[in-house]
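If you scroll down you'll find the structure; I have some questions about it.
The values are calculated or read from the model by the stated rules, or taken from the named source; none is laboratory data. These figures come from a predicted structure and were not determined experimentally. Methodologically, a virtual Cβ is constructed for each residue, glycine included, from the backbone with ideal geometry; neighbour enumeration extends over all protein chains shown. The area values use the complete protein model at the heavy-atom level, side chains included, leaving out ligands, DNA and RNA. Shrake-Rupley method; radii C 1.70, N 1.55, O 1.52, S 1.80 Å.
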Amino acid sequence: MIRVSAFRWVPPFARGLVRDLRVRWALEEAGLPYETRLVGPDDLKTKDYRAMQPFGQVPAYEEDGLVLFESGAILLHIARRSDVLMPADPAEQARTNAWMFAALNSIEPRVQHLAGLDLFHVEEDWAKARKPGALNDAQMRLAALSDWLDGRDYLESRFTVADLLMTTVLRILRHTDVVAQMPTLEAYRLRCEARPAFARALAAQIGDFSDEMPAVA
Ligand SMILES: N[C@@H](CCC(=O)N[C@@H](CS)C(=O)NCC(=O)O)C(=O)O
């Protein structure tokens, strides 16, 4: 049985954003059943957990003795087994991979930087000073993505794992109107999120959260 690590508790602003969501979504699209290994801050520091995820983060993935970390690598592994997620044609696969790297390397860092300022450091003077630059950097990248998507439903000719990944990156800015202000991008996000597999993955993540904040040692 496939097992995915996920947090047992996160604050409300992070619910629906934790990166196990993209793995759950891919598994739902691929029709692969899974169970979760729910973890808290203390688990992340243990030798056992670090053997699965060297940085003590979520998600880690276990399957028949194979252990994987990094959500992008996990998605690639799942996608190789699913026509829904990965086209059969080698050239189309290469394009899909390129968009996965774009989501992780070209878009997510700027989006995450902006979200980090807003969600973790909003009261700090250095964050207030950095915010306009971070916002501009994120907007420039997202505008380019929006231009690419103009006239297209998906990043390439059909839905793939790259769209799944890109959508989860766009969601990181849900506390802002940055994506909503780009109608093409917003429509794209909504189109991908309308997939039944997304709804199942989101419900599963939300359903796994406990209401009780764990005590941190
Ligand atoms: N590059 C990693 C990032 C994973 C990551 O940032 N996970 C967050 C939750 S969304 C986490 O575990 N944060 C706790 C920490 O970094 O200590 C991936 O894509 O898997």
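Any idea which of T36, G72, A102 is furthest toward the positive side of the dipole for the chain, if Lys and Arg beta-carbons carry +1 and Asp and Glu beta-carbons -1?
A102
Ordered by packing density, taken as the mean number of other Cβ atoms within 10 Å over each peptide's residues, highest first, how do 50-63, 78-91 rank?
Averaged packing, sorted descending, gives the order 50-63, 78-91.
Once you keep just the Cα pairs under 8 angstrom separated by 6 or more residues, what percentage relative contact order results for region 1-139? Show your work: numbers first, answer last.
Working: 139 pairs, mean separation 30.6, N = 139.
Averaging sequence separation for qualifying contacts and normalising by length gives 22 percent for region 1-139.
Using a ≥ b ≥ c from the Cα gyration tensor of the chain (square roots of the eigenvalues), is it rounded, prolate or oblate, where a/c under 1.5 gives rounded and otherwise the larger of a/b and b/c decides, a/b for prolate?
It is oblate, given that a/c is not under 1.5 and a/b is not larger than b/c.
Could you work out the helix-only [θ] at 222 nm for the chain, with each DSSP H run of four or more residues adding -39,500 (n - 2.57) and the total divided by the number of residues, to the nearest 500 deg cm²/dmol?
On the way: 10 runs with 115 residues, N = 217.
Computed mean residue ellipticity for the chain: -16500 deg cm²/dmol.
Note down the Stokes-Einstein diffusion coefficient of region 142-217 in µm²/s, whole number, using a Kirkwood radius over alpha carbon pairs, 4 °C, and 1.567 mPa s.
Working: Rh = 13.9 Å.
Translational diffusion coefficient: 93 µm²/s.
A further question follows. How high is the FRET efficiency between D83 and A51 when r is their beta carbon distance and R₀ equals 22 Å, given to the nearest 0.05?
0.10
Need one number: % antiparallel among DSSP beta bridges in the chain, to the nearest 5.
Percent antiparallel among DSSP bridges in the chain is about 50.
With a 1.4 Å probe and all protein chains left in place, how much of the accessible area of region 90-195 comes from carbon and sulfur atoms, in whole percent?
Carbon plus sulfur share of accessible area: 54 percent.
Kirkwood hydrodynamic radius for region 90-195: how many Å is it when counted over pairs of different Cα atoms?
About 14.2 Å, per the Kirkwood formula over Cα pairs.
If you find the alpha carbon centre of region 180-217 and of region 41-95, how far apart are they in angstrom?
Using only Cα atoms, the two centres lie 19 Å from each other.
Within region 1-15, name every residue whose backbone N is under 16 Å away from a label modeled 7 Å from Cα of E193 along the Cβ vector.
13-15
Further, regarding this structure: Quick check: pseudo-label points 7 Å beyond the Cα along Cα→Cβ at M140 and L32, how many nm apart are they?
Result for the modelled spin labels: 3.8 nm.
Still on this structure, I have one more. Based on the Cβ-Cβ distance from A203 to W148, what FRET efficiency comes out when R0 is 35 Å, to the nearest 0.05?
Computed FRET efficiency for A203 and W148 comes out at 0.70.
Return one whole number: the accessible area per residue of the chain in Å², for a 1.4 Å probe.
Values: 10700 Å² over 217 residues.
Ligands and nucleic acids excluded, the figure is 49 Å² per residue.
Moving on. Length gain on complete extension for the stretch R130 to A91, per 0.36 nm per residue less the alpha carbon to alpha carbon distance?
Between R130 and A91, full extension yields an extra 10.0 nm.
Multiply the residue separation of A98 and F13 by 0.36 nm, subtract the distance between their alpha-carbon atoms, and state the gained length in nm to one decimal.
27.6 nm
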